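Here's the structure, in structure tokens; my notes come after.
The values are calculated or read from the model by the stated rules, or taken from the named source; none is laboratory data. As the structure is a computational prediction, the values presented were derived from the model and not from experiment. No Cβ is skipped: glycine too gets one built from the backbone with ideal geometry, and neighbour counts run over all protein chains shown.
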Amino acid sequence: MLIRTRSSLMKYIAYLAALLLLAAPSWAAPQRYILQVEDSSVGFSWFLGKDEIKGSMPVASADLVIDLDRLSNSTVTVAVDVQRARAGFPFASQGMKSRKVLWAKKFPQIIFQSTSVRRDGNGALIDGNLTVRGVTLPATFRADLFRQAGTEAGDRSRISVRLTGSLSRKAFGADGWSDLAGDEVKLSILARMSIEG
């Protein structure tokens, strides 16, 4: 990874420090978090010809339980709101939510539910089931956890989890306008959480 400026280097070091802090074996039991809805979102992108189209969807709900001492005890469930998706410009948004692609009226949510979690460096790999247009297929997401800005060292009451991965539109039957739009859709889910209670 190329760090171009001192500011970027400091941010990168702070980010790694936050990850290492979260990875410390100080949690004795799984912790349940509730979603900070207004500060959570899903970013996605795909190619329309040679142009990359970017958009976002709000997170509708999330259930996150983390046990960093035993990752196999951790679970993640995230649902995103397809009906409120936005993609670059109005025509792209309408097409994406149409019956030919996500069919938002009939399938208003995309849901990911974990089946296993395992450590991968400073983060984790999460295997699970992804449901799009009523079709459920296995999927794997990379998860990175970090303390939210403004929290002090050792404070894990507010954390952020970023899930990244991709999917094939065709695999889920969302292959409308395949002559114009690419098949791969990249996803980046940011869920900001606070400890329950």
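One residue is enough: does region 122-136 have a residue meeting the conditions of a type in the set (D, E) and under 15 Å from the mean Cα position of the chain (by Cα)? Talk me through it step by step, then tell me what you get.
Initially, region 122-136 is screened for residues of a type in the set (D, E), giving 127.
Okay, now just the ones that are also under 15 Å from the mean Cα position of the chain (by Cα), so 127.
Yes: region 122-136 contains one or more residues that are of a type in the set (D, E) and under 15 Å from the mean Cα position of the chain (by Cα).
Which of the numbered conditions does R169 fail, given that it passes all the others? Conditions: (1) farther than 20 Å from T77 by Cα; (2) more than 18 Å from the chain's Cα centre (by Cα); (3) not aromatic (F, W, Y).
Failing condition for R169: (2).
Working only within region 54-81, note down all residues that are more than 29 Å from S157 (Cα to Cα) and free of Cβ contacts under 8 Å to residues at least 40 places away in the same chain. Write out each step before concluding.
We begin by selecting, within region 54-81, every residue more than 29 Å from S157 (Cα to Cα); these are 54-55.
The one that is more than 29 Å from S157 (Cα to Cα) and free of Cβ contacts under 8 Å to residues at least 40 places away in the same chain: K54.
Going residue by residue through region 161-178, is there one that turns out to be touching a helix residue (DSSP H, G or I) at 6+ places or on another chain (Cβ under 9 Å), more than 17 Å from P58 (Cα to Cα), in contact (Cβ under 8 Å) with a residue 60 or more places away in the chain and basic (K, R)?
no
Filter region 31-43 down to residues that are crowded, with 17+ Cβ neighbours inside 10 Å and either touching a His at 6+ places or on another chain (Cβ under 6 Å) or hydrophobic (A, V, I, L, M, F, W, C) (or both), then give me how many there are.
Of the residues in region 31-43, 2 are crowded, with 17+ Cβ neighbours inside 10 Å and either touching a His at 6+ places or on another chain (Cβ under 6 Å) or hydrophobic (A, V, I, L, M, F, W, C) (or both).
Considering only region 118-175, state which residues are small (G, A, S) and in a strand (DSSP E or B). If you could, list the steps in order and put the result at the bottom.
The first filter runs over region 118-175 and keeps only residues small (G, A, S), leaving 121, 123-124, 128, 134, 139, 143, 149-150, 153-154, 157, 160, 165-166, 168, 171, 173-174.
Across region 118-175, the qualifying residues are G123, A124, G128, A139, A143, S160, G165, S166, S168.
If I ask for residues that are free of Cβ contacts under 8 Å to residues at least 24 places away in the same chain and β-branched (V, I, T), which ones from region 127-160 would you list? First the steps, then the outcome.
The first filter runs over region 127-160 and keeps only residues free of Cβ contacts under 8 Å to residues at least 24 places away in the same chain, leaving 127, 129, 131, 136, 138, 142, 149-152, 155.
Residues satisfying the conditions are T131, T136, T151.
Examine region 84-94 for a residue that is among the small types (G, A, S) and without any contact (Cβ under 8 Å) to a residue 24 or more places away in the chain, and state whether such a residue exists. Quick ask: steps written out before the conclusion?
Initial filter on region 84-94 (among the small types (G, A, S)): 85, 87-88, 92-93.
Subsequent filtering for residues that are without any contact (Cβ under 8 Å) to a residue 24 or more places away in the chain retains none.
No, the conditions are met nowhere in region 84-94.
Just a yes or no: is a residue in region 176-189 over 21 Å from the mean Cα position of the chain (by Cα), in a loop (DSSP other than H, G, I, E, B) and surrounded by 15 or more Cβ atoms within 10 Å (Cβ to Cβ)? Explain how you work it out, then say what you get.
Start the filter on region 176-189 by keeping residues that are over 21 Å from the mean Cα position of the chain (by Cα), which leaves 176-181.
With the extra rule that they be in a loop (DSSP other than H, G, I, E, B), the set shrinks to 176-180.
Adding the requirement that they be surrounded by 15 or more Cβ atoms within 10 Å (Cβ to Cβ) leaves 176.
Yes; the residues of region 176-189 include at least one that is over 21 Å from the mean Cα position of the chain (by Cα), in a loop (DSSP other than H, G, I, E, B) and surrounded by 15 or more Cβ atoms within 10 Å (Cβ to Cβ).
So, of the residues in region 121-136 that are of a type in the set (G, A, S) and loosely packed, with under 14 Cβ neighbours inside 10 Å, which turns out to be nearest to V82 (Cα to Cα)? Quick ask: steps written out before the conclusion?
Going residue by residue through region 121-136, those that are of a type in the set (G, A, S) are 121, 123-124, 128, 134.
From what is left, the residues that are loosely packed, with under 14 Cβ neighbours inside 10 Å are 121, 134.
On the way: G121: 32, G134: 13 Å.
Filtering first and then ranking leaves G134.
Of all residues in region 44-87, which are part of a loop (DSSP other than H, G, I, E, B) and buried (at least 17 other Cβ atoms within 10 Å of the Cβ)?
Within region 44-87, the first condition is being part of a loop (DSSP other than H, G, I, E, B), and the residues that meet it are 49-50, 67-70, 74, 85.
Listed by number, the residues that qualify are L68, S74, A85.
Of the conditions (1) at pLDDT below 50; (2) among the β-branched types (V, I, T); (3) within 14 Å of the chain's Cα centre (by Cα), I13 clears all except one; give me its number.
I13 satisfies all of (1) at pLDDT below 50; (2) among the β-branched types (V, I, T); (3) within 14 Å of the chain's Cα centre (by Cα) except (3).
Hey, among the residues in region 89-108 that are surrounded by fewer than 17 Cβ atoms within 10 Å (Cβ to Cβ) and not in a helix (DSSP H, G or I), which one's modelled with the lowest pLDDT?
The qualifying residue modelled with the lowest pLDDT is F89.
Going by what's in this entry, would A139 be described as buried (at least 18 other Cβ atoms within 10 Å of the Cβ), over 13 Å from the mean Cα position of the chain (by Cα), within 27 Å of D39 (Cβ to Cβ) and among the hydrophobic types (A, V, I, L, M, F, W, C)? Don't jump to the end; show me each part of the working.
Values: buried (at least 18 other Cβ atoms within 10 Å of the Cβ): yes; over 13 Å from the mean Cα position of the chain (by Cα): no; within 27 Å of D39 (Cβ to Cβ): yes; among the hydrophobic types (A, V, I, L, M, F, W, C): yes.
Here the answer is no, as A139 does not meet what is asked.
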